[in-house]
Each structure stands twice: as structure tokens, then as C-alpha cells.
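A.B. asks: After the C-alpha cells below, expect a handful of questions from me.
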Amino acid sequence: MSAPPSPSTGSSTPSMVDFYLPSMQKDHTKLKLQQLRDKIALRRSGALHTPHSTIQPGAIGRLGISSADSKLNRQSQVRLKSGSILMRMWRLLPSSCRMSAYNILRLIGDKLYNPQDADPTAHRLPFNLYCKSSGVTQSEIIAMVLVAENTDIPVPRVLDVIENDDELFVLMTRLPGVPCSGLMSEMDQSSREGVKNDLRCWLAQLRRLPVPPHAKVSDCLGGGSMQHRIASTPIGPFPSVSDVHEYILSHVWGPHRDEVLDVARLLSYSKTHRLCFTHGDLRPWNVLYHNGHLSGLVDFGSAGWFPEYWEHATATFCTSPWWKSMFFELFPEYEDEIDVEDLVFSVPSTHPEMW
């Protein structure tokens, strides 16, 4: 039996495809391709127009910030500001002393708050604090500081960062509320409209953040980024939006490979997409809800500078139908881009880490 084709050749071996690709998946891809070809024809004829955005960047948020003021133009070392003299004095102590105190708080917090099946990397602590103890990057911390200082979005305030055994330990404030993922079935239409309106305000502010000069498609510090819908390891950075598109397409294979690439480029990847600050995982378990309103945005591990439609694509990956429909209402102008993402990720990949 011959080996699978290289993505760069554009050819495929039917017997291998039939072995690896279930018939239901092949039928779905074929149907999706036909639907998108019809859409392309309608776009060309002028019978189908792209809707306008419901989000106006710059309409909401604090007064102007410049690229020069952005945390992203500083050195990669995390520098913390605090209005508390006591906290500044505390951070003057050796990191080993502070870490010992935090470990005691973590043991107490695990006894009081954290169930056995809780996230082992995130811990609720006494005194309305929270910490993350592994898997944290400097980019994630920079993203939280950037959003906290330049928007009105409630995010955890970073209080201390310690390098501990080649990993970063982050102490931050705890936000009120519970994840939307546990409440969606209980929300009435009015509550859901409130969530959508709050998200619209947040997204307007995030998309208003100035893009650093010479920015790449990358995390907040110009490095590789964890994008869960694409791979289970960091990808990038990429010099341009077209480069990240070509990276994705280079791993598509199967009997419809050439058609998928043509449709993707015609309908989405040939468009000019500006870079925007992107949370990168704006799914309901990272959005907190309290007293009828959104109360917090957490987990900036996938944040960075990405094509303008990326927030929609990542927010609707493996989540509820209501959450997906809400983002289509927030970003109607990216219907083509999301159709292409659904198509591209419905076919097999030659990359062992890609979905």
C-alpha cells in the first residue's frame, strides 16, 4: 500500500483516502464544497452581499491609547504596577519567601474551595485571590496587563509573578461570578441578550487596541501561540496573515484537497484581513456571569495578534449552538470566513498535531 500523498503535491491515492476517511465525512465535505461553490457564484453575480459588522471598534472604552504606550512595545520582562504600597514592599522580599507563603495559601485554598477534579494548574486562594502554577507564559501575563490597563473589561489583576522551577507562578485577583457554560440552559431570552450586549462592548474594546509596529500573527510577544482548534502544540509566529492561511492549507489532504484549497482562497483567504488583538478562546467557560451581567474574562493563554475573523472562529469551536449563533449575530460579516474554516477542518490533516 502506498504512502499518503505529500500536501505539496496536490494529488491523493483513493485507496488510502477510502481507508482513512469515513464515508460520512466525505459526504459532508462534498456537500459543503457544493454549497460554497454556489455561494461564490452568487457573490460574483452580485445577488449576495456581505453583511455589515455590528461591532464598531473604538466606539466604547477608555480614551485613546497609542502604540508607544502599549505594554507590547516594552521588553518581554513582566513589570507589574500596583497602587498598594504594601504589595510593592511585599514584592521586594526574595521570591523564595513569597513562594513559600503562596504554597501555604494554595494548600488552604485547596482544602476550602477546590474539588478533586478541578483544574490542577489553577487554584482559588483565600483573601479573594487566584493563582496559576503551570503552563503560564509571559505572553498570557502581558495580555492580561494590556487589557486591564487599556479597557474597561474586568480581567484578573496580576499581583505577582515568580519564576519557579522553570515555570511561571502568577498571583492574581479573583473575579466574581461563575462561567457562562454552567448557566446557559437556565438563561432566558432577556439574559442572553444581556450577555450578547456585554460581549459586543468587550469586543469593541479589544479590537480597538493598537497593533504594534511590524506585528506578526503571533502571541503578544511575537512568539508561537497555542491555538486549540488547529493544534495541540504552539504554532507560528507567522510573518503575515497569508502565511498562516498557507500553513493551514498545507496540511489539508484527501480526494477533495484541490477543491478545498480553491474554495478557501476564493471565498476567504484572498481577502485582506487586518490584525486585531484576539483573546483566542472566548468560549463560555472563560466568560464569567454575575448578577445579570458578564463579570469577568479569564484565560488569556491563546491571546495575541490574529486576523480579524479569528475571534469568531475560536469562540465557536466545539461549543453550544446558542453561543455559535450569538457570535454570528455579533460578526455577520465573517460568514464566508467561518464557512471556509468549517470546510477546511472537516477534512483530514497530515499534521499529527492538527485536528
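A.B. asks: Pairs only if they're at least six apart or on different chains, beta carbon under 9 angstrom, first in region 29-53 and touching a residue at least 60 places away in the same chain (Cβ under 8 Å), second among the basic types (Lys, Arg) and surrounded by 15 or more Cβ atoms within 10 Å (Cβ to Cβ); list them, first residue then second.
C.D. replies: 50/43
A.B. asks: I'm trying to understand the selection: among the residues of region 197-225, which are more than 16 Å from the chain's Cα centre (by Cα) and closer than 16 Å to residue 148 by Cα?
C.D. replies: Answer for region 197-225, where residues must be more than 16 Å from the chain's Cα centre (by Cα) and closer than 16 Å to residue 148 by Cα: 201, 208, 210.
A.B. asks: Which of the numbered conditions does residue 192 fail, given that it passes all the others? Conditions: (1) in a loop (DSSP other than H, G, I, E, B); (2) within 25 Å of residue 323 (Cα to Cα); (3) of a type outside the set (Phe, Trp, Tyr).
C.D. replies: (1)
A.B. asks: Here is a follow-up. Of all residues being without any contact (Cβ under 8 Å) to a residue 12 or more places away in the chain and not hydroxyl-bearing (Ser, Thr, Tyr) in region 183-209, which is surrounded by the most Cβ atoms within 10 Å (Cβ to Cβ)? Just the residue, please.
C.D. replies: 187
One line per residue, one yes/no per condition, for (1) modelled with pLDDT of 85 or more; (2) in a helix (DSSP H, G or I):
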site	(1), (2)
75	no, no
79	no, no
93	yes, no
106	yes, yes
115	no, no
136	yes, no
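A.B. asks: Looking at 171, 175 in this structure, which one is surrounded by fewer than 19 Cβ atoms within 10 Å (Cβ to Cβ) and either modelled with pLDDT of 95 or more or over 21 Å from the mean Cα position of the chain (by Cα) (or both)?
C.D. replies: 175
A.B. asks: Oh, and also: Kindly indicate the residue of region 210-261 that is among the hydroxyl-bearing types (Ser, Thr, Tyr) and either closer than 30 Å to residue 31 by Cα or assigned by TED's automatic domain parsing to the domain that holds residue 136 (or both) and also surrounded by the fewest Cβ atoms within 10 Å (Cβ to Cβ) among those meeting that condition. Before you say what the answer is, go through the steps one by one.
C.D. replies: So the first thing to find is which residues in region 210-261 are among the hydroxyl-bearing types (Ser, Thr, Tyr), and the list is 218, 225, 232-233, 240, 242, 247, 250.
Remaining after also requiring either closer than 30 Å to residue 31 by Cα or assigned by TED's automatic domain parsing to the domain that holds residue 136 (or both): 232, 242, 247, 250.
Details: 232: 11, 242: 16, 247: 17, 250: 15.
Result: 232.
A.B. asks: Which of the following residues is buried (at least 16 other Cβ atoms within 10 Å of the Cβ), of a type outside the set (Gly, Ala, Ser) and closer than 15 Å to residue 201 by Cα: 317, 331?
C.D. replies: Selected residue: 331, the only one of 317, 331 that is buried (at least 16 other Cβ atoms within 10 Å of the Cβ), of a type outside the set (Gly, Ala, Ser) and closer than 15 Å to residue 201 by Cα.
The values are calculated or read from the model by the stated rules, or taken from the named source; none is laboratory data. All figures in this text were calculated on a predicted structure; none of them were measured in a lab. Every residue, glycine as well, gets a Cβ built from its backbone with ideal geometry; the counts of neighbours run over all protein chains shown.
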